[in-house]
1. Just checking, does region 73-93 include any residue being closer than 20 Å to Thr115 by Cβ and modelled with pLDDT of 90 or more?
2. Go through the residues of region 1-11 one by one and say whether even a single one is part of a strand (DSSP E or B) and out of contact with any Lys or Arg (no Cβ under 9 Å at 6 or more places or on another chain).
3. Being closer than 14 Å to Tyr28 by Cβ and without any contact (Cβ under 8 Å) to a residue 60 or more places away in the chain narrows it down to one residue among Trp71, Trp84; which is it?
4. Find the residue count for region 102-122, including only residues that are closer than 19 Å to Ile31 by Cβ and of a type outside the set (Val, Ile, Thr).
5. Find the residue count for region 12-48, including only residues that are part of a loop (DSSP other than H, G, I, E, B) and at pLDDT 95 or above.
6. Given the criteria at pLDDT 85 or above and loosely packed, with under 10 Cβ neighbours inside 10 Å, does Asp103 qualify?
7. What tally of residues in region 54-90 results from selecting those that are part of a loop (DSSP other than H, G, I, E, B) and either under 13 Å from the mean Cα position of the chain (by Cα) or charged (D, E, K, R) (or both)?
8. Out of region 112-132, which residues are surrounded by fewer than 17 Cβ atoms within 10 Å (Cβ to Cβ) and in a loop (DSSP other than H, G, I, E, B)?
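The values are calculated or read from the model by the stated rules, or taken from the named source; none is laboratory data. Remember, it's a predicted structure, so these values are computed and weren't measured experimentally. Please note: Cβ atoms are built from the backbone with ideal geometry, for glycine as well, and neighbour counts cover all protein chains shown.
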Amino acid sequence: MKVLIATDSTQGNRGDDYFFALEGELVYLPIIEHAVLDRCGFAQGFAGVASAKATTTAMVVDRPELTTHDWSVAIADGLTSQGWLEDDWCDANDDLLEQVLADLEAIVDPIAPNTVIERNGTDFFPRHGRLAA
């Protein structure tokens, strides 16, 4: 299955790049984005499932050994440990998790594996190699 992971590949292409996540960890879109997106990096970031830290670059990868169930459990565990989901499972958790997973599937579906992407709000773009100095 195709998933998004944190990568520092092509970091530095943009002046506002940042990479605080763990290389290779699963990422998702931030749950809450700042109201003034042009003043901070939220509109460009992906959130790390394990580290709870962000990056402006993510890679679409094919993980055939990963089942949909395993992937959803990993995302749910990360969101729970970061305080986005209640420890005692409830309908609100189901709704949020379903939305996060649907958003991720919609992002990766049209993109070839091993493609590094960046985002600007709800728009996603392939990222090309590091710019020459």
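1. no
2. Yes, region 1-11 has at least one match.
3. The unique qualifying residue is Trp84.
4. So the answer is 8.
5. Number of matching residues: 6.
6. No: the conditions fail for Asp103.
7. 7
8. Answer for region 112-132, where residues must be surrounded by fewer than 17 Cβ atoms within 10 Å (Cβ to Cβ) and in a loop (DSSP other than H, G, I, E, B): Ala112, Pro113, Asn114, Gly121, Thr122, His128, Gly129, Arg130, Leu131, Ala132.
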